[in-house]
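J.: Please read through the structure below; I'll follow up with questions.
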Amino acid sequence: MKRIYLSILALFIFSQISYGQIGENFLNVGFDGALTLNEYYQNEFPAGFGGSVKALYGVGMNGQLTLTGGFTYIPIRSTIALPFGDNVAFNLIPVTIGYRVNFDHFFFEPQLGGAMHIIRNRFAQTSDNLTSVELGFAAEAGYVFDPLEVSLRYQHTGRSPFHLGILAMRVMFRMPVF
């Protein structure tokens, strides 16, 4: 898997050296609000919030390569009673690469990558984490209001029946990078 990622990165770097850069570069920082869509997670971890960072590299007049990383915290549903001080939460740390196609102020961005799923259990004086790394994909569509962008993202990671589907609303601040 590492070889595939390194090959894609090398291809990207060498293609940019040979053809030169056209387009705009940005660094986006934002806030995500997420809803889980499949029954396995929806019963215990229905919604959460987090942040993300996205680097956009202009490769054409209407396209940009993207690298996105984020963190989403999804607490256990409040109707499940836990003793005072105990906590159970699901954390999602996705990293994806993608290609954004811009249509004036609208954009569409398919992404491919993976995510770390962490279920954190804190009981009394002990803490236990269940961690897995899963391959996945995402698709994001949105609108740019300079210097902000608002988007809706669907993300899917993992294998059935324990796959994770998330629908997230994302608001990001765009910073031009030269």
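J.: Assess whether TYR57 counts as being modelled with pLDDT of 90 or more and farther than 20 Å from PHE145 by Cβ. Spell out how you get there, then give the answer.
T.: Numbers: modelled with pLDDT of 90 or more: yes; farther than 20 Å from PHE145 by Cβ: yes.
Here the answer is yes, as TYR57 does meet what is asked.
J.: For the condition under 20 Å from ILE97 (Cβ atoms) and either of a type outside the set (Gly, Ala, Ser) or touching a residue at least 24 places away in the same chain (Cβ under 8 Å) (or both), what is the one hit in GLY63, GLY48? Don't jump to the end; show me each part of the working.
T.: On the way: GLY48 fails: under 20 Å from ILE97 (Cβ atoms).
Going through GLY63, GLY48 in turn, just one is under 20 Å from ILE97 (Cβ atoms) and either of a type outside the set (Gly, Ala, Ser) or touching a residue at least 24 places away in the same chain (Cβ under 8 Å) (or both): GLY63.
J.: Please go through the range 139-165 and pick out each residue that is out of contact with any Gly (no Cβ under 6 Å at 6 or more places or on another chain), crowded, with 17+ Cβ neighbours inside 10 Å and not in a loop (DSSP other than H, G, I, E, B). It would help to see each step written out before you state the result.
T.: Filtering the range 139-165 down to residues out of contact with any Gly (no Cβ under 6 Å at 6 or more places or on another chain) leaves 139-148, 152-155, 158-163, 165.
Then drop every residue that is not crowded, with 17+ Cβ neighbours inside 10 Å, which leaves 140, 142, 144, 153, 155, 158, 165.
Listed by number, the residues that qualify are GLU140, GLY142, VAL144, ARG153, GLN155, GLY165.
The values are calculated or read from the model by the stated rules, or taken from the named source; none is laboratory data. What you see is a predicted model, and the numbers here were worked out from it, not measured in a lab. We place every Cβ from the backbone using ideal geometry, glycine too, and count neighbours over all the protein chains shown.
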